[in-house]
Amino acid sequence: SDLGQAARLEASLAPVLARARDACGRSDWTGAADAIRAALALDANNPDALTLMAGVERAQGRLGEAQAAAALACVVRPDDAALVYNLALACRARGDTARVRECASRLARLADRDPRAPALAARLEEP
């Protein structure tokens, strides 16, 4: 069944994503990238792995790649305010103020679907 398949995929992804998060926490960008690639091999457009990848790319100064990974995560899971916020941060790091404003409007529209949206939108307003 599809549900069983999804559960098996989630079970195999969880430890790989945990390894990636741990590596990020230690600023081990190589280890994080390896774990993220392993996660994406299991689930090509996994939004959690893409979000971690965006963080790794941003930490290493690869801002274009960071923005691309964050944008893809938003395509995969469009109603997730945290992903939109991460995209806004990636855009801000590149000085793309038009895209930051676009993300802020998107967060405002998400308020009825994601309770985190208003607080994240307010954080975007901070300098």
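The values are calculated or read from the model by the stated rules, or taken from the named source; none is laboratory data. From a predicted model like this one, the values you see are computed outputs, not experimental measurements. All Cβ positions, even for glycine, are placed from backbone atoms using ideal geometry, and neighbour counts span all protein chains on display. These accessible areas exclude ligands, DNA and RNA; they are computed on the full protein's heavy atoms, side chains included. Shrake-Rupley method; radii C 1.70, N 1.55, O 1.52, S 1.80 Å.
Quick notes on this structure:
- Sites residue 28 and residue 76, calculated FRET efficiency, Cβ-Cβ separation with R0 22 Å, nearest 0.05: 0.30
- Residue 97 contributes about 90 Å² of solvent-accessible surface, heavy atoms of the protein only, 1.4 Å probe.
- The residues packed around residue 35, meaning those with a beta-carbon under 15 Å from its beta-carbon, carry a net charge of -2 if Lys and Arg are +1 and Asp and Glu are -1.
- Along its first, second and third principal axes, ordered by size, segment 43-104 spans 31, 26, 13 Å in Cα coordinates.
- Global geometry of segment 71-127, whether rounded, prolate or oblate, following the gyration tensor of its Cα atoms and the 1.5 cut on a/c: oblate
- Estimated FRET transfer efficiency (residue 122, residue 65; beta-carbon r; R0 25 Å; 0.05): 0.35
- One chain, two ends: residue 112 and residue 18. Fully extended at 0.36 nm per residue, the span grows by 30.8 nm beyond their Cα-Cα distance.
- Additional length obtainable on full extension of the chain from residue 44 to residue 93, 0.36 nm per residue less Cα span: 15.1 nm
- The chain: calculated mean residue ellipticity at 222 nm from DSSP helix runs of at least 4, using -39500 (n - 2.57): -26000 deg cm²/dmol
- Under the Debye formula (equal points on every Cα, no solvent term), log10 I(q)/I(0) of the chain at q = 0.09, 0.16 Å⁻¹: -0.27, -0.80
- Test item: Cα-centred dipole of segment 1-90, Lys/Arg +1 and Asp/Glu -1 on Cβ, debye: 200
- Spatial separation of Cα centroids for segment 99-125 and segment 1-40, in angstrom: 27
- The chain: angle of helix 81-93 to the longest principal axis, Cα-based, in degrees nearest 10: 70
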